[in-house]
Amino acid sequence: MPLATYKDLCIDAIDPHALSAFWGPLLDWEAHPHDDGGSCLRVGDEVRVWVNQVPEPKTAKNRLHLDIRAASLQPALDAGAVVHDEQPRWTVLFDPDGQEFCVFVRDRPVSEPAYELVWDVTGDEDAAHRLARWWGEALGGDVVRDEGWSHVENVSGLPFEAIVFQPVPEDKTTKNRIHIDVTTDDVGALVVAGATAVREKGDGGIGWTVMADPAGNEFCAFTPD
């Protein structure tokens, strides 16, 4: 029995309206700017991404980013992305807020869904696999160990093909600018499993708990009440 259910993705940005206008067409999700400065991406009535306004600019490499499989880089470039680094199999770009994402150009038809959520884990392949296993157990997904990284697939409610966990040498130095939200019946069970409850927050009558996973990555847990 999973401890939590995937809810949505949250992105901090200086200009949420501009960022949602950028990401909406690329992901084929509808951008909905809010009067309070925030925004979201929806499919019908389902919110898949919240874009929250923050005053501080991005100062460190994101621990989470999106990988996109596409027929060309051009749609991202036309929308305002900037090339940061070119690798043999993918290109690293910056979105309008300076957030990294990767595009894998395919010369064959792109299957759906065509994107993954990628999570950096400080350490080696074993460290990445341990965190993948933790999240797989927390969300009830299937954990697969690949050569060099691990991923979690078949996660209920996840609008991405998988969550990939890859090892990196650098430590986490600042609050994650991208994080996931989950729903749970028991925040305490997540703590027993290895998460940390950081603080309680609320907005408009809705409350949630800001938490950190065993590697110190922030996520938010919402309870039914």
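Just so you know, all these numbers are worked out from the coordinates, no wet-lab data involved. The model shown is predicted, which means the values in this text are computed figures rather than measured ones. Note that each Cβ is placed from the backbone with ideal geometry, even for glycine, and that neighbours are counted across all protein chains shown.
Mean separation of Cα pairs under 8 Å and 6+ residues apart, divided by the residue count of the chain: what relative contact order is that in percent?
Computed value for the chain: 20 percent relative contact order.
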Taking the beta-carbon count within 10 Å as an exposure proxy, list Asp85, Asp213 from fewest neighbours to most.
Asp85, Asp213
Going through region 160-225, which GluC sites (Glu not before Pro) have at most 15 other Cβ atoms within 10 Å and a DSSP loop state?
Glu170
222 nm [θ] for the chain, helices only, -39500 (n - 2.57) per DSSP H run of 4+, per residue, to 500?
-5000 deg cm²/dmol
Peptides 13-24, 46-57 ordered by average Cβ neighbours within 10 Å, highest first:
13-24, 46-57
Can you give the local net charge around Glu170? Use residues other than it whose beta-carbon is closer than 14 angstrom to its beta-carbon, Lys and Arg +1, Asp and Glu -1.
-1
Non-local residues with an amide H under 5 Å from the amide H of Val51, with H modelled 1.01 Å from N and Pro and chain starts lacking one, are Ile11, Ser39, Cys40, Leu41
Using a Förster distance of 25 Å, the FRET efficiency for Thr196-Ser156 (Cβ separation, nearest 0.05)
0.55
Considering only the chain, what is the antiparallel percent among its DSSP beta bridges, to the nearest 5?
70 percent
Under 5 Å between amide hydrogens, which residues at least 5 positions from Ile14 or on another chain qualify, with H placed 1.01 Å from N in the peptide plane?
Val54
